[in-house]
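> This structure is in structure tokens; I'll ask about it shortly.
The values are calculated or read from the model by the stated rules, or taken from the named source; none is laboratory data. Model, not experiment: these values are computed from the prediction. Here the Cβ is made from the backbone with ideal geometry for all residues, glycine too, and neighbour counts use every protein chain on show. Please note that ligands, DNA and RNA were not included when accessible areas were found on the heavy atoms of the full protein model with its side chains. Shrake-Rupley method; radii C 1.70, N 1.55, O 1.52, S 1.80 Å.
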Amino acid sequence: MYLFNLVSRAACRVLVVSLSTWLASALPAGAHEPLEAQSGTLYLKSSPDADAYEALRVATTMRAQVTGNVARVHVTQRFSNTGSDWVEGLYVFPLSADAAVDELYMSVGERTIRGEIQEKAKAQAAYAQARSEGKQASIVDQERPNMFTTAVANIAPNSTVSIEITYLETIPYRDSRYTLRLPLAITPRYTPGAALDPAAPLAAANAAWVNATIGTSATPERVTAPRQHVDITVELAPGFPVRSVASLHHAVDVKDDALGKEIHLSGNQIAADHDFELVWAPAVAGDVETAAFAEKVGDDTFALLVLTPPNDADEATQPREVTFIIDTSGSMHGPSIEQASAALQMGIDRLKQGDLFNIIRFASDYSSLFAMPQPVGDSSRLLARQFISSLRAGGGTEMRAPLERAMSTPPNASFLQQIVFITDGSVGNEAELVALINREIGKTRLFTVGIGAAPNSYFLEQAAAAGRGSYTSIAERNQVGSRMQDLFHKLERPALIDLKLLWPDHLPADVAATLPGDIYAGDPLVILARLPASPSSLTLSGRMRGQDWVHEVQIMRVGEQSGLSKLWARERIADLSRQLQFGGDREQLRTSILDLALKHHLVSEFTSLVAVDDVVVRPPGSLGHVEQAPTSAPTGSYWTTTGFAKTATPAGLLLACGLLCMTFGAFLYWPRYRRQMVL
């Protein structure tokens, strides 16, 4: 009887969730009530008999001012309420994980209110009080290092409120080109187990019931087919002659101006469904690219050093043992699995006689091509090709077990042991996985390959850093060849090893993050430091091509408004956050992060920017509700208007499972029922 009760309860849960999810996706736009509409459509009703009206929209404009190696980016979000009720608007949006978000301006009519940085709980309390008093207010929170939320209270009917957020970031020089990346879309995160890691409170509330009932995690980010649009302008003043400028995924117009070039998206109503990447290359590239800048703020000097070793380092002669891990979860559906399979096949083709290799695929479970890495040969290559051709996308994103399997390969001093991890990185338990890699990687090196139009670059960069490897991004199929070529240059060519940084007169430098020991060919190294004095130069040393290498770099003075102090603080905060992930003293690290963020006016996991207008605008007793504007899903991805991922609640499969469970339960109960009838 106990087994029957257990099976029956499970069957009911599966059926209820499956039917509700299927109905939510099957009903047409306008057939939902407001709460249901917020989980996946762009149209709402104020009552069952009312006409459907267009929900809250957010139009985004981005303006990036690039000077040398630093970009100041202005993001303007215009919240338009087209309905007849007062609205609180919510919007989840991506930014670069290295963004130092430091300014917020709220514009209402002729008034502009500048935001203040406050401890998160205090900022949220100030926002909540302003909302309840009928005042217009806005708040910007960091949900993850590369994901933020804007909330705007008391948007009047048929009106618009503009929010401007600004941030600083350094521009990396990687593989002989500079790249400015502006994230636009979000791939929803899969969080293993029942615990939900909310990236958006409103969407998380809608997903919570599913999670509690079925015991899995629906993605909390609300994404749709691309209905949000973006306008982008880049003012490029690199400070050196440029050989070429190109946008990798969007059509652009390029004009020359007095300081450099101005780049603007071509056309109107450009869908925000693919991260924007602008690349430019210097007319003359040196053997080792270095640049150093210094900014004086009060008694402190903040220095920025950018170093990129050459791409022509000597190839390693030691044979390699490479374990490829490929993500075949539901978020990889469509072009992503095609790109990942092509990248994996190219990786196998690149291996040489004498190397060892293995392939691990994962989704909700994992399997490997071989029990242990095998020698490269005709038969093993054929088996690998057959294995790759059989890969299909579907299921959850359970990364931990395949990573543990790959890192458990016994050490082998005769081989360079490397892991190539091919995925879109769409997981919510990033901290857990990065801590695992940091703890278990040993002497193996981990290289990550980000797949798709909007990969989780923060996680993939952090995973590669913990694995002492490198990160490569492949956004489109036509990039597979060139990007994998770049990656294998790194796998085969450690360019600079045993790197050390020497300051003149033994100055005590407070470096924002730990200096890596090795740098791979073409990879950038960005060092930010705080100094008690203003040196004119610094010295780098290490080994290159088997020889001692020493390089002196002259430091260029820049103005106090360059933002180097904020970039240093942001990098230090990121380093302290990594220590939190790795089990450091939480209270001590929290205090350090909070002090830095407040001093340098930065958004962090413990601070928020909040702007409050003193004028009461919402009349007492007037109706109001909350709306979350959807974020665009990446082009070619599975997500449409339901807001649920293929990795989260496969309604059709669950419906079949539920019916099967009920049939099995009835079969178990039938003998007992017959005995009761006889008695």
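> Please identify the trypsin sites (Lys or Arg not before Pro) of region 344-404 that satisfy two criteria: DSSP loop assignment and at most 14 other Cβ atoms within 10 Å. Which are they? Spell out each step's value before the answer.
Details: sites: 350, 352, 361, 381, 385, 392, 400; in loops: 352, 392.
When the trypsin sites (Lys or Arg not before Pro) of region 344-404 are filtered for loop state and at most 14 Cβ neighbours within 10 Å, 352, 392 remain.
> Report the gain in length on full extension from residue 477 to residue 257: 0.36 nm times residue separation, minus Cα-Cα distance, nm rounded to one decimal.
Working it through step by step, the gained length comes to 75.8 nm.
> Sticking with this one: Are there any GluC sites (Glu not before Pro) in region 50-126 that are in a DSSP loop and have at most 13 other Cβ atoms within 10 Å? List them by number.
110
> Taking every DSSP beta bridge that has both residues in region 320-492, what percent is antiparallel when rounded to the nearest 5?
15 percent
> In whole Å, how far is the Cα centre of region 235-271 from that of region 558-625?
Cα centroid of region 235-271 versus Cα centroid of region 558-625: 31 Å apart.
> Given Cα pairs under 8 Å that are at least 6 residues apart, what percent is the relative contact order of region 417-464?
Computed over region 417-464, the figure is 52 percent.
> Need one word for region 320-492: rounded, prolate or oblate. Basis is the Cα gyration tensor (sqrt eigenvalues a ≥ b ≥ c); a/c below 1.5 gives rounded, then a/b vs b/c decides.
Rounded shape, in that the Cα axes give a/c under 1.5.
> Considering only protein heavy atoms and a probe of 1.4 Å, how much of the accessible area of region 320-492 is carbon and sulfur, as a whole percent? Working shown, then result.
Working: 3010 of 5820 Å².
Heavy-atom surface of region 320-492 belonging to carbon and sulfur, 1.4 Å probe: 52 percent.
> Now, a different point. Whole number in Å², please: accessible area per residue of region 320-492, 1.4 Å probe, ligands, DNA and RNA not counted.
Accessible surface, normalised per residue, equals 34 Å².
> Pick out, in residue order, every one of the GluC sites (Glu not before Pro) in region 445-501 that is DSSP loop and has at most 15 other C-beta atoms within 10 Å; say none if there are none.
Counting only loop positions with at most 15 other Cβ atoms within 10 Å, none of the GluC sites (Glu not before Pro) in region 445-501 qualifies.
> Say R0 is 30 Å: what FRET efficiency, to the nearest 0.05, do residue 485 and residue 233 get from their beta-carbon distance?
My answer for the efficiency is 0.40.
> Please compute the modelled spin-label separation between residue 614 and residue 595, points set 7 Å along Cα→Cβ, answer in nm with one decimal.
It works out to 3.4 nm between the two label points.
> Still on this structure, please answer the following. Pull out the extension gain between residue 318 and residue 342, defined as 0.36 nm times the separation in residues minus the alpha carbon to alpha carbon distance; nm, one decimal.
Net length gain for the segment: 6.0 nm.
> Just tell me which aspartates and glutamates come within less than 15 Å, Cα to Cα, of residue 261; anything on the same chain fewer than 8 places away is out.
Reachable aspartates and glutamates: 235, 253.
> Give, as ranges by residue number, the residues of region 425-443 whose backbone N falls under 16 Å from the point 7 Å along Cα→Cβ of residue 514.
Of the residues in region 425-443, 434-443 have backbone N under 16 Å from the label point off residue 514.
> Further question: First select every other residue whose beta carbon is under 12 angstrom from the beta carbon of residue 356; then total the charges, Lys and Arg +1, Asp and Glu -1.
With Lys, Arg at +1 and Asp, Glu at -1, the neighbours total 0.
> Pop the C-beta distance of residue 271 and residue 543 into the FRET formula with R0 = 51 Å and round what comes out to the nearest 0.05.
Calculated transfer efficiency: 0.60.
> Between residue 243 and residue 581, what is the label-to-label distance in nm when each label sits 7 Å out along the Cα-to-Cβ direction?
3.4 nm
> Here's something else I'd like to know. Measure off, as a whole percent, the carbon and sulfur share of the 1.4 Å-probe accessible area of region 83-196, all protein chains present.
45 percent
> Now for a different question. What distance in nm separates the two pseudo spin-label positions at residue 124 and residue 300, each 7 Å out from Cα along the beta-carbon direction?
Distance between label points: 2.8 nm.
> Ok, one more. For region 447-507, compute Rg over Rh where Rg is the Cα radius of gyration and Rh is the Kirkwood radius from the inverse mean 1/r over Cα pairs. Spell out each step's value before the answer.
Working: Rg = 15.2 Å, Rh = 13.4 Å.
Computed over Cα atoms, the ratio is 1.14.
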